[in-house]
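Report on one structure; see the data block that follows.
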Amino acid sequence: MGLVESVLELASGTGIWTQKLLNIGEKIIAIDASEEMITINRAKLNSPNIEYRQLDLFTWQPETEYNLVFFGFWLSHVPPNLLNSFLQKVYQSVRLGGQLFIIDSRFEPTSTAKNHLLADDGNIYKLRKLNNEQEFTIVKVFYQADELQEHLEKIGFKAQVNVTDNYFIYANCQKI
Ligand SMILES: C[S@@+](CC[C@H](N)C(=O)[O-])C[C@H]1O[C@@H](n2cnc3c(N)ncnc32)[C@H](O)[C@@H]1O
């Protein structure tokens, strides 16, 4: 992919992907709900081409369209009952002819840390224990490639969803 004018990154976190997106977009808008994540991302990348927005993606209202919308390891935290409204807003954010790229974890019993409960039992709530012993319950949904593809197409994208041998699911979509 060549250089595009504008990229929107959702749930940008500490900037692992934001750094890569700097090679693709002239201007990156990076959204995350956490002030701490934004502070780390900003300090690490220190780029005038990134504009940060601290907001909750479940109440976010898209205001403009981008050549590329990207989110990595965020989709699996979107509960199924909010998936449609979230993806509708993502669709609104992609310019006609523009692209959406998603990457996330696929269900793989060996891909989680030892102290993380991971069961393919349809339970979307998982326990996460930090090194300091604090525990949090998070949403973790392993969307299947065919159901995700169907969903993205229903919304209006031309979508191709694939999985890698073990750990990842990724979607390459175009708004046509
Ligand atoms: C698993 S991390 C992924 C971060 C980054 N995309 C990556 O792949 O390294 C999920 C991110 O979502 C952010 N997040 C959690 N809830 C959110 C919400 N409701 N709205 C926006 N961001 C949120 C967290 O702060 C965190 O940075």
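The values are calculated or read from the model by the stated rules, or taken from the named source; none is laboratory data. Because the structure is a prediction, the values reported are computed rather than measured. Cβ: placed from backbone, ideal geometry, glycine included. Neighbour counts: every protein chain shown.
Of the residues examined, G15 is not one that is surrounded by fewer than 15 Cβ atoms within 10 Å (Cβ to Cβ) and either closer than 17 Å to A171 by Cβ or not acidic (D, E) (or both).
Mind listing whichever residues of region 103-134 are at pLDDT 85 or above, acidic (D, E) and within 20 Å of P79 (Cα to Cα)?
Listed by number, the list holds a single entry, D104.
Only residues that are of a type outside the set (F, W, Y) and in a loop (DSSP other than H, G, I, E, B) were counted in region 33-61, giving 11. Only residues that are touching a Lys or Arg at 6+ places or on another chain (Cβ under 7 Å) and near the ligand (Cβ under 9 Å from one of its atoms) were counted across region 24-52, and they come to 1.
The set of residues in region 145-161 being crowded, with 17+ Cβ neighbours inside 10 Å, of a type outside the set (F, W, Y) and not in a helix (DSSP H, G or I) consists of A159, V161. E108 meets all of the listed conditions (1) more than 9 Å from the ligand (Cβ to nearest atom); (2) not in a loop (DSSP other than H, G, I, E, B) but one, namely (2).
With respect to being assigned to a loop (DSSP other than H, G, I, E, B), among the β-branched types (V, I, T) and at pLDDT 95 or above, T64 fits the description.
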